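Novice: Have a look at this one.
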Amino acid sequence: TGKREILKVQDLAVSYGHIEAVKGISLSLNEGEITALVGANGAGKSTALLAISGLVKAARGQVLFNGKDLIQLSPHRIVEGGVAQVAEGRATLTTLTIAENLALGAYTRKDKAEIAKDLAWVYSLFPVLKQRADGLAGNLSGGEQQMLAIGRALMTRPKVLLLDEPSMGLAPLIIQEIFRIVQEINKTGMTILLVEQNVRQALRIAQRGYVLETGKIVLEDTGANLLGNPKVVEAYLGG
Ligand code: ATP
């Protein structure tokens with residue numbers, strides 16, 4: 001079908017002490033697509049993302065990025081390699097300005113002209129960040145902080161963007177806006193792994209999706225098929 005697999009997770013398992021939060025999952029991302037990883041609170045979605053980005057240690061498994069295993073690399077090497085995560089809860093540096101937060105995303109890069117281009121792109125995606133560039137990140141609303149966290153990850157110029165519940169805690173209109181921007185970022189060719197409890201919205205914009213239940217993948221299909229799957233409808237879309 002001409003689709004190229006850019007990231008492949010194989011038999012990934014993660015434990016916290018005696019609790020196995022992720023129980024040997026396998027999934028793959030096609031280059032240029034949005035892949036959704038959905039499931040209920042506590043299913044293990046965040047843990048899977050943290051393991052892919054090296055922030056928690058996997059008990060077993062592989063994360064192949066363009067065929068190369070990332071699992072032993074440190075988080076900053078994974079980012080430099082082209083896989084950037086936007087953490088749940090956003091984690092912007094609230095005592096720095098918006099411009100300073102964005103600059104931090106690019107701090108290991110040396111290509112000044114390209115950094116300037118990416119900054120212009122981020123500001124075009126999120127005009128509010130440009131308007132308030134010299135303001136403190138701590139004064140932004142929740143939705144704006146989510147935008148800043150996404151913008152900062154984009155400043156690393158990733159090949160794969162991992163988004164952990166970008167809609168969490170936001171008002172419905174802001175959620176619409178965030179999902180629209182995720183699609184816009186994807187249209188530039190960016191590969192995205194979107195972790196969401198907001199199952200309906202995530203599957204609407206995803207080409208493929210995986211459903212995680214208590215640490216295991218129980219369904220995988222196109223986003224459209226999952227939206228119409230009676231099991232998904234019953235368990236996640238309110239019947
Ligand atoms: P949420 O949407 O709440 O983030 P999730 O699907 O992302 O849910 P995880 O946060 O990955 O799920 O949690 C999976 C399981 O691991 C849960 O049972 C959770 O209680 C447990 N867990 C998560 N983080 C830790 C931790 N640091 N120490 C111990 N147990 C943890």
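Novice: Can we say Val9 is within 30 Å of Arg132 (Cβ to Cβ) and not hydroxyl-bearing (Ser, Thr, Tyr)?
Specialist: Criteria not met by Val9.
Novice: Residues in the stretch 88-101: is at least one surrounded by fewer than 21 Cβ atoms within 10 Å (Cβ to Cβ), at pLDDT 90 or above, at positive phi and not aliphatic (A, V, I, L, M)?
Specialist: No, the stretch 88-101 contains no residue that is surrounded by fewer than 21 Cβ atoms within 10 Å (Cβ to Cβ), at pLDDT 90 or above, at positive phi and not aliphatic (A, V, I, L, M).
Novice: Regarding the stretch 145-156, can at least one residue be identified that is among the charged types (D, E, K, R) and touching a strand residue (DSSP E or B) at 6+ places or on another chain (Cβ under 9 Å)?
Specialist: Yes, there is a match, as at least one residue in the stretch 145-156 is among the charged types (D, E, K, R) and touching a strand residue (DSSP E or B) at 6+ places or on another chain (Cβ under 9 Å).
Novice: Out of everything in the stretch 29-47 that is within 7 Å of the ligand (Cβ to nearest atom) and not in a loop (DSSP other than H, G, I, E, B), what residue ends up being surrounded by the fewest Cβ atoms within 10 Å (Cβ to Cβ)?
Specialist: Going through the qualifying residues, I end up with Ser46.
Novice: May I pose another question? Given the options Gln72, Gln10, Gln85, name the one that is surrounded by fewer than 22 Cβ atoms within 10 Å (Cβ to Cβ) and assigned to a strand (DSSP E or B).
Specialist: Gln10
Novice: Within the stretch 104-127, take every residue that is at pLDDT 95 or above and surrounded by 13 or more Cβ atoms within 10 Å (Cβ to Cβ) and give me the one that is farthest from Ser141 (Cα to Cα).
Specialist: Ile115
Novice: Which residue is least open to solvent (accessible area, probe 1.4 Å), if the candidates are limited to the stretch 17-28 and must be free of Cβ contacts under 8 Å to residues at least 40 places away in the same chain and within 10 Å of the ligand (Cβ to nearest atom)?
Specialist: Gly17
Novice: Here's another thing I want to ask about it. Could you please let me know if Lys68 is of a type in the set (D, E, K, R) and out of contact with any strand residue (DSSP E or B) (no Cβ under 8 Å at 6 or more places or on another chain)?
Specialist: yes
Novice: Name the pairs whose Cβ atoms lie under 6 Å apart, with the first residue in the stretch 163-191 and under 14 Å from Thr35 (Cβ atoms), the second in a helix (DSSP H, G or I) and open to solvent by less than 20 Å² (accessible area, probe 1.4 Å), and 6 or more positions between them or separate chains?
Specialist: Close Cβ pairs (under 6 Å, with a partner that is in a helix (DSSP H, G or I) and open to solvent by less than 20 Å² (accessible area, probe 1.4 Å)) amount to Asp164/Leu49.
The values are calculated or read from the model by the stated rules, or taken from the named source; none is laboratory data. Keep in mind that what you see is a predicted model, and the values were worked out from it rather than measured. Using ideal geometry, Cβ is built from the backbone for each residue, glycine included, and neighbour counts are taken over all protein chains shown. Protein only, heavy atoms only, side chains kept; ligands, DNA and RNA dropped before computing areas. Shrake-Rupley method; radii C 1.70, N 1.55, O 1.52, S 1.80 Å.
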